[in-house]
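This report refers to the structure that appears directly beneath it.
The values are calculated or read from the model by the stated rules, or taken from the named source; none is laboratory data. Please read all numbers here as calculations on a predicted model, not as lab measurements. Don't worry about glycine lacking a Cβ; one is built from the backbone with ideal geometry, like all the others, and counts go over all protein chains shown. Side chains included, ligands, DNA and RNA excluded: accessible areas come from the protein's heavy atoms. Shrake-Rupley method; radii C 1.70, N 1.55, O 1.52, S 1.80 Å.
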Amino acid sequence: MQTTPNHPTSTATTDVLLSRMLQAIENLAESQKAMGERQDRTLQAVEKLGERQDRTLQAVEKLGERQDRTLQAVEKLGERLELRLEKQDETLNLLRESIVAQQRTPLSASRGTAWMSPPDFPTSTYSVRPRKAALMPSYYDAALYRRLATRWRDRLVHFQLYGLLEMLGNDWFEEWMEIYGRTTQEDLDRILAQVPKPSSPGEPWTEKTHQRVFGDLVKAVEVQLVGNGARAGLKWVDTHKTSLENRRKPDGIFARADAPAGKLAWRDVVAVCEFKGSRAQRDDSVLIGQLIQDFTNVAASQPRRFMLGMSVVAQGDVYVHLCTIDRIYYSFVGKLPRLASAGTTSGQKPPRPAHSNEGRAVMCFLQLLYKQLGQDRGYLAQGPEGLSEDIRLRDLPLASVEIDENDYQNATIKLLNDCPIGGRRGQLFGSRSWIYEAAVVHSSGNNNIMLAVLKIHWCRGEGASEIRAHRKVLQLGLPYVPQLRFAGIIKNNSDLRGEVLLIEDAGINIGYYFMRPESIHKLIDVFAGYIDLILEGTAGIGGTSVMHRDISMANLLVANDKPRVIDWGCGIAYPSSHDGSPPPLGQSVTGTTPYMSVRTLCQQDKHSYVDDLESVFLVYSHCLCLKYGNRASQWCKGMWDGSSELSCLLDKRKVWLESQNTYMREMDLKRCPDALSSLAVRLYELLFDPNLYGQLDNLAKRPDDPRLTHLTAAKWADAIHSVTKDIAPEGPMPCLDRLRSFASSSSLPTGPVSAADGA
């Protein structure tokens, strides 16, 4: 066998290849080793990261536990506060009964009548605790004051002092001219001699200095007037460290001379004062905000024609501020006197101002305040205390009388509460109102007593007149509307319209009625009445439709198990259109914040009858929460908070009404009877069914409300009637019967609305 010898070149090549392969294998092994080391380090890092994550999760769990404990503590605190409020309500009711009992004593002989009533004299609870004011009291909240100043700065108007006094009346202007003309330098020196610690020329003008010098100067003027035989109807009170009833602290106030010294209330305030240091000017935002808040608190306590305030800023500059029902006018008065000497000694002359006219205008103006505010404190009703226990409607400054049944103008109106029990009193400008419980005693001497409600309010123009809207509703013959006994127009020189209304007693608030142990069929029947009124108002009786546009807990009442709807100040009467809604009115938001519909919260300019029905649904839901839900929960408090911003409330509402499950879950109605919870579900389905109207956000933002073409009166009647089938009959349901009768004989208008339809 023949063999071929190995070629030397082939052998060398093979060796090279083998060595390279070995080298590559070694390199690969080293790479794998390095990769393994990196993987080990990565695993260690991952393990450390996992340990940190575990520690983080443990910390989060502990934080969650602490938050849960905090929430539990807050809920317990809320429950205790609710119990305290309930006890306060019981105490107020006892006090009210005591007041009514005291008012049964005979009147003075000059009145010619006597306060006589049977032992079971009825009292009316017209409203729940008054709604929170639009401007909440502040505790050194400079940010709030700046927001108020920014919001209302366009309402500030500069006037010369003479023009401002003429706005107050000829008697103010004439008295000012007399005081300024007759006051001599000797008179001023006698006043300055009473100042215990005057300001020296070298002393800086700080807020504390302004406070002290102004207060001492006011007291000196008061001493001088009393010494001259004048009767001081005012007294100066330094409230910088003494809060009033809502814990706010104006720097100083002029109060009624007979006001209690220990516990001052805003109704005792005649004028307010605020002070700032030398760095602040007249237009300081915090100063303006404080004055606006002061005027708001004063206006809430009593119907007034005007309110006065004073401020001291910069280098002792004194300003006067006149707040009317639609503007704040301000004027420069003068400078605080800076004395050349700091005091007197025996045999020396009294201290004199560094300049002869310095402080003259301020001291004369303070004398004017003591003279004029003692007899004209800006109250709507003439008298030293404004609306007192006994008033006559003829004593109010009325320009005309629109309605006067049975000579109510000359009857005695006895207020059953010193303070208003309702109304939009927290608004400083524009539409605001005061509501009082009252009893009417006729002057005929027949002891005919009638419970009533006295309402005084301002509105902007004839179109917003509550008298006009209320009369129109009564003319149309709509049910469940209380009678209007007296109506008059208030004299004023602004573009606002002042009105006085005396309305027959409308019973108790629906919230109170719901909390009573009433039968379920009565509760359902009352809400059927509210819905029936809204639907009948939309039907276009005689070619005219009406809408309330301010359905709220305070405006839905019950008298003798019959529904009543009051406060037609936002109501509108308009020619019947295709869909029951008026055209855009240029007024995108009307109503009471917690009960506004989602489309109103989105500031849609078309308010339809469906928005009023949605407000009834929200009132019903609120009643369920109050009686059967968790009133102390943060959700419940936040949802019905009247001071919430519209955008914040809209976001909460969208989450709450997103679905039927979230709607019922948030209210937590475990103790609620099936019939009442079923009615809530049926109303929800009518208003927010996503299969019919889509998501709530889309429903709120659509230019036209799709529910107008879908909902009919029959659907509302059937929804309410369906939940009563399983209830044992306990008596008639007249409101539901009327609603079903109306639904069977009429239909609601459908189709889109145009601007011409509501002209």
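If the Kirkwood radius is taken over C-alpha pairs of region 614-711, then at 4 °C and 1.567 mPa s the Stokes-Einstein diffusion coefficient equals 91 µm²/s. Close amide-amide hydrogen proximity is noted between I572 and M547, each under 5 Å apart and 5 or more residues distant or on a separate chain (H modeled in the peptide plane; Pro and chain starts excluded). For region 186-334, the fraction of C-alpha pairs more than 20 angstrom apart is 50%.
First compute the accessible area of region 174-292 with a 1.4 Å probe, then give the percent of it belonging to carbon and sulfur atoms. That share works out to 48 percent.
Heavy-atom accessible surface of region 621-756, averaged per residue, reaches 49 Å², computed with a 1.4 Å probe. Packing-based ranking of 253-265, 557-569 yields 557-569, 253-265, ordered from highest to lowest mean Cβ neighbour count within 10 Å. Available extension along the chain between Q660 and R41 is 217.5 nm, counting 0.36 nm per residue and deducting the alpha carbon span. Dividing the radius of gyration of the alpha carbons in region 24-64 by their Kirkwood radius gives 1.42 for Rg/Rh. Across region 741-746, rounded Karplus estimates of 3J(HN,Hα) from the backbone phi angles (6.51 cos²θ - 1.76 cosθ + 1.60, θ = phi - 60°) give 5, 5, 5, 6, 10, 8 Hz, Gly and Pro being marked x.
Note on L77 and K637: the model spin-label points, each 7 Å out from Cα along the C-beta direction, lie 0.8 nm apart.
For region 176-333, the relative contact order is 17 percent, taking Cα pairs closer than 8 Å that sit 6 or more residues apart in sequence and dividing their mean separation by the residue count.
Peptides 180-193, 406-419 ranked from most to least packed, by the mean per-residue count of other Cβ atoms within 10 Å: 406-419, 180-193.
Note on D726/A399: beta-carbon distance plugged into 1/(1 + (r/R0)^6) with R0 of 51 Å gives a FRET efficiency of 0.35.
Close amide-amide hydrogen proximity is noted between E245 and W266, each under 5 Å apart and 5 or more residues distant or on a separate chain (H modeled in the peptide plane; Pro and chain starts excluded). Average 1/r across all pairs of distinct alpha carbons in region 471-537, invert it, and you get the Kirkwood radius: 14.8 Å.
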